[in-house]
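The values are calculated or read from the model by the stated rules, or taken from the named source; none is laboratory data. Predicted, not measured: the structure shown is a model, and the values here were computed from it. Because the Cβ atoms are built from the backbone with ideal geometry, glycine has one as well, and the counts that use them run over all protein chains shown. For accessibility, only protein heavy atoms count, side chains too; no ligands or nucleic acids. Shrake-Rupley method; radii C 1.70, N 1.55, O 1.52, S 1.80 Å.
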Amino acid sequence: MNSVKNNPLLSDSFICNMQSHWLAIRKLNGEYWNLNSLLAEPQWLSSFYLSAFLDTLTAKGYTIFVVTGNLPNPVPNTSDKNWKRVNLKGNQQSKRVDREQDDLEEAIRASLADSHLNKVSRIEKTQEELDEDEELAEALALSRQSQSNQSVPVEKIERKVETDEEDEELAAAIALSNQIPAKEERKLESEPEKGEDTTEILFNLPDGSRLSRRFMRSAKVDDLYLFLKGERSELGTSFSIRTAVPPTSLPKDSVTLNQLGLVPNAKLIVQK
C-alpha cells in the first residue's frame, strides 16, 4: 500500500470516506474520474493532478481506501434501465482543456526560449567567422605583396599594427579575468531540525512520486528550486512549482515561504 500512497497511478480505483459521506474515484477508459454524488456530473482528474487531489481529501479528513481485485465492467449494458449515459457539459470540457493548455503553453515558452538562444548563437558565430575570413584575406594579400617584392601600403601596415595591439590588450584582459575567482554558486543549507521556525514542504513530482523536506520559514522560493535541481536533475531548469489548491505558480524570486503562507506545512506540485 505504501507504493500506491507514493504513486497513486498504480491503482485504478479508490473509495474515500469522511463521516457519513462516501465517494469513489475510478479509472475509466484510461482516465481518472471523481464520482462524487454531490457533484452535478463526474469530474475529470488528470493523472498528474490525481495525487494532489487525494492529498487534499486527506487534509480535509477523508480516509482513502485502495480498491483491489476484479472491478465491475465500466461500460453499462444498454438494456439495463438503471444506467443513464451522461455527456459532459461544456464547462467541464473547458476546464480539462484549460489544464492541458497550461502545460502546452509552458512547453511552448520553453521551446521559444531555446530557439531564441540558438538563433543568437548562430548570429554570433557567423559574425566571428566573417571577422576571421577578413583577417585571413588581409594576411594573404600582404603575403602576396611580400613575395612579389612589392611595397606594402603604409595604411595596411598601420592597420596591422593596430590589430596586433588590440590582440595584446584582449589577451591581457583574458589573463586578468582568469585570475579573478569565479563566483561560487549558492548552496542550499542543510535541512533544519523540526521547530517553530520551520515548515514541512511536500513536493508532488511529474512522474507521480513525492519528495518532502523541512525548510526555515525565512527561506526563499529560490531555495525550493535549488533543492529540486539538486535532488532531481532530470527536471532540468524549465520546471515550475505550483500550489495544489488553488493552483497558483510560485514566483522565482526572494519572497519567503512565510510571506507566501507556506507554513507550518504545504503541498506543492512540480510541473515541467
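The table below gives the values:
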| item | result |
| --- | --- |
| Matching residues in the range 3-18 - criterion: being free of Cβ contacts under 8 Å to residues at least 40 places away in the same chain and under 22 Å from Lys60 (Cβ atoms) | Lys5 |
| Number of the exception - Lys267 against (1) without any contact (Cβ under 8 Å) to a residue 40 or more places away in the chain; (2) open to solvent by 30 Å² or more (accessible area, probe 1.4 Å); (3) in contact with a helix residue (DSSP H, G or I) (Cβ under 9 Å, 6 or more places away or on another chain); (4) in a strand (DSSP E or B) | (1) |
| Cross-chain or 6+ apart pairs with Cβ under 6 Å, the range 44-72 first and at negative phi and touching a residue at least 60 places away in the same chain (Cβ under 8 Å), then part of a helix (DSSP H, G or I) and of a type in the set (A, V, I, L, M) | Ser47/Leu9; Val66/Val4 |
| Residues located in the range 209-264, provided they are β-branched (Val, Ile, Thr), at pLDDT 90 or above, under 18 Å from Tyr49 (Cβ atoms) and not in a strand (DSSP E or B) | none |
| Hey, Lys220 in contact (Cβ under 8 Å) with a residue 12 or more places away in the chain and basic (Lys, Arg) or not | yes |
